[in-house]
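Trainee: This is the structure I want to talk about, given as structure tokens.
Since every read-out is calculated from the coordinates, none of them should be taken as a lab result. Owing to the predicted nature of the structure, the values given are computational and were not obtained by experimental measurement. All Cβ positions, glycine included, derive from the backbone under ideal geometry; neighbour counts span all protein chains shown.
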Amino acid sequence: MTTLATPSSETSGASIAPADFIEKAPLERYVPPARPSLVGLSRSGLIEALAGIGVPEGKRKMRAQQIWSWLYVRGVTGFAQMTSVSKELRAVLEANFTLARPDVVAEQISVDGTRKWLLRLPGERAGEAPHEVECVYIPDTDRGTLCLSSQVGCTLTCSFCHTGTQRLVRNLTAGEIVGQIMVARDRLGDWTAAQPGTGQSGAGRRLVTNIVMMGMGEPLYNFEAVRDALLVVADHEGLGISKRRITLSTSGVVPNIARAGSEIGTMLAISLHAVTDTLRDELVPLNRKFPIKVLLEACRNYPGLSNSKRITFEYVMLKGVNDSLADARALVKLVRNIPAKINLIPFNPWPGTRYECSDWEQIEKFSEVIFAAGHASPVRTPRGRDILAACGQLKSASEKLSARERLALRAMAMTDD
Ligand code: SAH
Ligand code: SF4
């Protein structure tokens, strides 16, 4: 019998893969509800949905365009609001579909404006515990970045990442990925076409301007859903977040880096974290399958690279492990022929981890070496610490919750782009 992952299962010994595991198998598949949500569908997906409910072929394209616009430009939450669609069709839509986004279970707002939403994704089977993922919004002076999850858990087992100790429950659907942005826009009042006096932002002033796929999961192991979602997100007649403002972070799934380049075309971030294969094999076990040389070759071939379209190399600062100045020099050398940015991430410790975050002075020295070689090397400053503190009492209540806090802290630190 398959055991379903429950909120406490990640703490059980059985859920933690042995250190020499590269990948764990996904446990579950998504089973769509009887009345699926239209959120996340592309134009052609909407046309197909309309075909399925008997809309005559000649009308499908036009109707799909109307619905697309209500959905992704206006952000409506009910079919009744789609006033340009006939009442009759609205009733049929209502009977067959929803406009549901993931449920918001909790919202936390930091004094620095960072917001964290705990989202509940429906369980697929009766009696099954719902899945939960987090989505974090980080406002900055010139941008607002939303950090999205692509999977519940992760099949990979990076030794410094807490998500890596969880069993993968399942891949998120494209709808659930797009749904995270819909939720953020709903909660922030960030739909451009909002009416004056509704408390919503007006056209021209977007709050969510950037997307990073840096939450839970390995986006390139959920390739199709991530691709379909990001293409919807980047459509300039819809959610309208351009590909230059979307960054996909990967631990190095080499074959899918090329696919991401040709089929998605967003900005790319690589979780490098080590300059030798020996160390990277340990930190990012996927390196045994796709070693540094092969990974960097895939980076070099990523389409469209230039000074203004650089690959971001993420480097988590682990005390005494990868933070020597020799490492810094080797890092600069490794990325020499690639238009690159280097992003230093202070390690966020979690209970049971064998790693510590590098000392601040060491991070500064490391960053100076990189800077001297001509790279800006922003250190991601954790944001929203106060809301993490606020849920401090949850920490003792369950391992799962403190894992979420760590995920949020990590996500909040992703403010670079
Ligand atoms: N799976 C993808 C994207 C999600 S992780 C990837 O690995 O790239 C987003 C970033 O957070 C990655 O660079 C990851 O290595 C880093 N990260 C994971 N655990 C961390 C921790 N405890 N402290 C700091 N950064 C961490
Ligand atoms: Fe998965 Fe990324 Fe964590 Fe590695 S760092 S276990 S790929 S989420």
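Trainee: Length gain on complete extension for the stretch Arg336 to Glu107, per 0.36 nm per residue less the alpha carbon to alpha carbon distance? Present the calculation step by step, with values, prior to reporting the outcome.
Mentor: Working: separation 229, 0.36 × 229 = 82.44 nm, distance 4.22 nm.
Contour length minus Cα-Cα distance gives 78.2 nm.
Trainee: How long is the gain from Arg259 to Ile53 if the chain were fully straight, where each residue apart is worth 0.36 nm and the alpha carbon distance is subtracted? Please list the in-between numbers first.
Mentor: On the way: separation 206, 0.36 × 206 = 74.16 nm, distance 3.35 nm.
Taking 0.36 nm per residue and subtracting the Cα distance, the gain is 70.8 nm.
Trainee: Given a Förster distance of 35 Å, report the FRET efficiency between Val92 and Arg187 from their Cβ-Cβ distance, rounded to the nearest 0.05. Could the numbers behind the result be given before it?
Mentor: Working: r = 30 Å, r/R0 = 0.85.
According to the calculation, E is roughly 0.75.
Trainee: In whole Hz and in residue order, list the ³J(HN,Hα) couplings for the stretch 180-185 that follow from phi through the Karplus curve 6.51 cos²θ - 1.76 cosθ + 1.60, θ = phi - 60°; x for Gly and Pro.
Mentor: Result, ordered by residue: 5, 6, 4, 4, 4, 5 Hz.
Trainee: Just name one of Val136, Thr98, Ser110: the one whose Cα is farthest towards the positive end of the charge dipole of the stretch 75-160 (beta-carbon charges, Lys/Arg +1, Asp/Glu -1).
Mentor: Ranked along the dipole, the leading option is Thr98.
Trainee: In addition: Report the trypsin sites (Lys or Arg not before Pro) located in the stretch 217-282 that are in a DSSP loop and have at most 15 other Cβ atoms inside 10 Å of their Cβ, or state none. Don't jump to the answer; show the numbers that get you there.
Mentor: Details: sites: Arg227, Lys243, Arg244, Arg245, Arg259, Arg280; in loops: none.
Sparse-neighbourhood loop trypsin sites (Lys or Arg not before Pro): none present.
Trainee: Give the order of Lys309, Lys87 when sorted by the count of other beta carbons within 10 angstrom, beginning with the fewest. Intermediate results must be reported in sequence, preceding the final value.
Mentor: Details: Lys309 14, Lys87 10.
Going from least to most buried by this count: Lys87, Lys309.
Trainee: Pulled fully out, how much extra length does the chain show between Asn301 and Val73, if you take 0.36 nm times their separation in residues and subtract their Cα-Cα distance? Write down the numbers at each step before the final one.
Mentor: Working: separation 228, 0.36 × 228 = 82.08 nm, distance 3.47 nm.
The span from Asn301 to Val73 would gain 78.6 nm if fully extended.
Trainee: Oh, and also: For a footprinting-style exposure proxy, rank His236, His375, His273, His131 by other Cβ within 10 Å, fewest first.
Mentor: His236, His375, His131, His273
Trainee: Given R₀ = 35 Å, what would the calculated FRET efficiency be for Trp360 paired with Asp277, taking r from the Cβ atoms and rounding to 0.05?
Mentor: On the way: r = 29 Å, r/R0 = 0.82.
Once rounded, the FRET efficiency stands at 0.75.
Trainee: What distance in nm lies between label points placed 7 Å from Cα along the C-beta direction at Ile22 and Asp140?
Mentor: About 3.4 nm, to one decimal.
Trainee: Under 5 Å between amide hydrogens, which residues at least 5 positions from Val212 or on another chain qualify, with H placed 1.01 Å from N in the peptide plane?
Mentor: Leu146, Cys147, Leu148, Thr247
Trainee: Also: Could you sort out which of Lys289/Lys319; Lys24/Lys116; Lys24/Lys365; Lys116/Lys289; Lys293/Lys319; Lys24/Lys293 sit more than 30 Å apart by Cα distance in this structure?
Mentor: Lys24/Lys365; Lys116/Lys289
Trainee: Under a straight-distance cross-link criterion of Cα-Cα below 24 Å, which lysines are reachable from Lys61, leaving out those fewer than 8 residues away in the same chain?
Mentor: Lys87
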